[in-house]
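Below is one structure, written out as structure tokens, with a few remarks after it.
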Amino acid sequence: MNIIETKSGWPLALRYGLILAFANIAINLLFYIVNPNPYNSEFSVYSISQLALTIVAGFTILSMAAKMRRDNDLGGVMSYGESLKIMMQTALPAALIISFYTYLFFTFISPEFFTKMWEIQAEQMSQKGMSDEEIEQALRIGSKFNNPLIMTIFGALGVLFQLFIFSLIASIFVKKEPKDSDF
């Protein structure tokens with residue numbers, strides 16, 4: 001039996017994209033409230049916990065969207081490509097919302113973030129023995145990329161890429177090929 005898709009996946013993708021975006025925003029805000037000065041770039045239990053929670057949320061919500069699509073719209077059958085497609089449809093609005101939140105975060109919630117990051121990086125470069133001139137040049141070049149708008153654009157692309165990787169992996173587990181008796 002060959003299932004013909006009759007419903008668009010976009011309403012489902014938008015709903016789960018919103019859930020994914022707000023889950024990521026909630027995780028970010030929760031960790032920011034707990035530690036409003038996360039300027040140290042070293043890995044810690046704190047940063048690893050935040051990363052792990054974000055990864056679990058991403059995999060779970062993308063998988064849920066694909067399973068809903070498979071079970072409710074496609075008769076319980078879904079190819080790897082169809083799974084990847086619905087997950088990326090879910091990822092697109094999530095990435096846009098998360099990047100907009102990132103812009104708001106760096107503009108209004110934590111505008112001092114970049115200044116403190118540059119101070120820490122300058123200190124680390126100084127400890128490595130770089131001259132003041134070299135440090136100034138590195139900071140001048142880097143500052144062109146560290147403003148809220150640029151971070152938002154690169155953030156959206158980064159989130160989309162991250163969710164693409166999650167989707168590639170999760171689709172392996174969500175796909176469900178038709179049984180031989182379905183032909």
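The values are calculated or read from the model by the stated rules, or taken from the named source; none is laboratory data. On a predicted model such as this, the values are computed, not experimentally measured, just so you know. Positions of Cβ are generated from backbone atoms using ideal geometry, with glycine treated the same way; all protein chains shown enter the neighbour counts.
Here are some notes:
- Screening the candidates Leu160, Leu139 for the property of being free of Cβ contacts under 8 Å to residues at least 60 places away in the same chain and either under 22 Å from the mean Cα position of the chain (by Cα) or assigned to a helix (DSSP H, G or I) (or both) yields one hit, Leu139.
- Within the range 91-118, considering residues that are small (Gly, Ala, Ser) and crowded, with 18+ Cβ neighbours inside 10 Å, the one farthest from Glu136 (Cα to Cα): Ala91
- The single condition among (1) aromatic (Phe, Trp, Tyr); (2) within 17 Å of Glu177 (Cα to Cα); (3) surrounded by 16 or more Cβ atoms within 10 Å (Cβ to Cβ) that Tyr80 does not satisfy is (3).
- Test: residue in the range 122-129 that is part of a loop (DSSP other than H, G, I, E, B) and either more than 16 Å from the chain's Cα centre (by Cα) or at pLDDT 95 or above (or both): yes
- For first residues located in the range 96-112 and among the polar types (S, T, N, Q), partners that are assigned to a helix (DSSP H, G or I) and lie 6+ apart or on another chain with Cβ distances below 6 Å form the pairs Ser99/Thr152; Ser99/Gly155; Ser99/Ala156; Thr102/Thr152; Thr102/Gly155; Thr107/Pro148.
- Tally of residues being exposed (fewer than 14 other Cβ atoms within 10 Å of the Cβ) and either more than 12 Å from the chain's Cα centre (by Cα) or at pLDDT below 90 (or both) across the range 36-51: 11
- Taken together, the residues in the range 56-114 that are more than 13 Å from Gly155 (Cβ to Cβ), of a type in the set (S, T, N, Q) and part of a helix (DSSP H, G or I) amount to 6.
- Among the candidates Leu168, Leu160, the residue that is touching a helix residue (DSSP H, G or I) at 6+ places or on another chain (Cβ under 8 Å), crowded, with 16+ Cβ neighbours inside 10 Å and under 30 Å from Gly58 (Cβ atoms) is uniquely Leu160.
- Which numbered condition Thr152 misses (of (1) buried (at least 18 other Cβ atoms within 10 Å of the Cβ); (2) closer than 19 Å to Trp10 by Cα; (3) of a type in the set (Val, Ile, Thr)): (2)
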